[in-house]
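Enquirer: The following block contains the structure, expressed as structure tokens.
The values are calculated or read from the model by the stated rules, or taken from the named source; none is laboratory data. These numbers come from a predicted model, not from an experiment. Positions of Cβ are generated from backbone atoms using ideal geometry, with glycine treated the same way; all protein chains shown enter the neighbour counts. The area values use the complete protein model at the heavy-atom level, side chains included, leaving out ligands, DNA and RNA. Shrake-Rupley method; radii C 1.70, N 1.55, O 1.52, S 1.80 Å.
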Amino acid sequence: TEGLGGTFFVENTVGAGGTIATGQAANAAADGTTLLVANQDLIVQPIIKTKVPYDPFKSFTPVSLVVSAPEMIVVHPSLPVQNL
């Protein structure tokens, strides 16, 4: 608060794999007062759902990378695959 000169409120909105909160952030006034902390669901939800209330590439401007975490794809060992 002191460093940025303002009071901040955290609003945790749950549901639909993050789509509800992401839609709210996408439709908020573009006045610089709304920040969204998102994970890979920002990109995944539009792929697996027929309609989401945002465009992952046009609705947001990246500000900062907060964390980097490795991920992996796994399959049952009986499946005869070696690569993607």
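Enquirer: Whole-Hz ³J(HN,Hα) for each residue in segment 26-39, computed from phi via Karplus 6.51 cos²θ - 1.76 cosθ + 1.60 with θ = phi - 60°, x for glycine and proline: what do you get?
Expert: Once θ is set to phi - 60°, the couplings for segment 26-39 become 5, 9, 6, 4, 7, 10, x, 9, 10, 10, 10, 9, 10, 10 Hz.
Enquirer: Between residue 9 and residue 79, with labels modelled 7 Å along Cα→Cβ, what's the label distance in nm to one decimal, could you check?
Expert: 4.5
Enquirer: Step by step: find N for segment 1-83, compute 2.2 N^0.38 Å, then divide the Cα radius of gyration by it. What's the final number?
Expert: That ratio works out to 1.44.
Enquirer: Also: Which FRET efficiency value, to the nearest 0.05, is calculated for residue 41 and residue 64 with the Förster distance at 30 angstrom and r the Cβ-Cβ distance?
Expert: Calculated transfer efficiency: 0.95.
Enquirer: Springs between alpha-carbon pairs under 10 angstrom, Gaussian network model over the chain: which of 46, 70, 62 fluctuates most?
Expert: Residue with maximal mean-square fluctuation among 46, 70, 62: 70.
Enquirer: Separate question: Just the number, please: carbon plus sulfur as a percent of the accessible area of the chain, 1.4 Å probe, no ligands or DNA/RNA counted.
Expert: 59
Enquirer: Once you put a point 7 Å from the Cα of residue 33 and another 7 Å from the Cα of residue 1, both along the Cβ direction, what distance in nm separates them?
Expert: It is 1.7 nm.
Enquirer: OK, next. Roll a 1.4 Å probe over the protein chains and send me the accessible area per residue for the chain in Å².
Expert: 90
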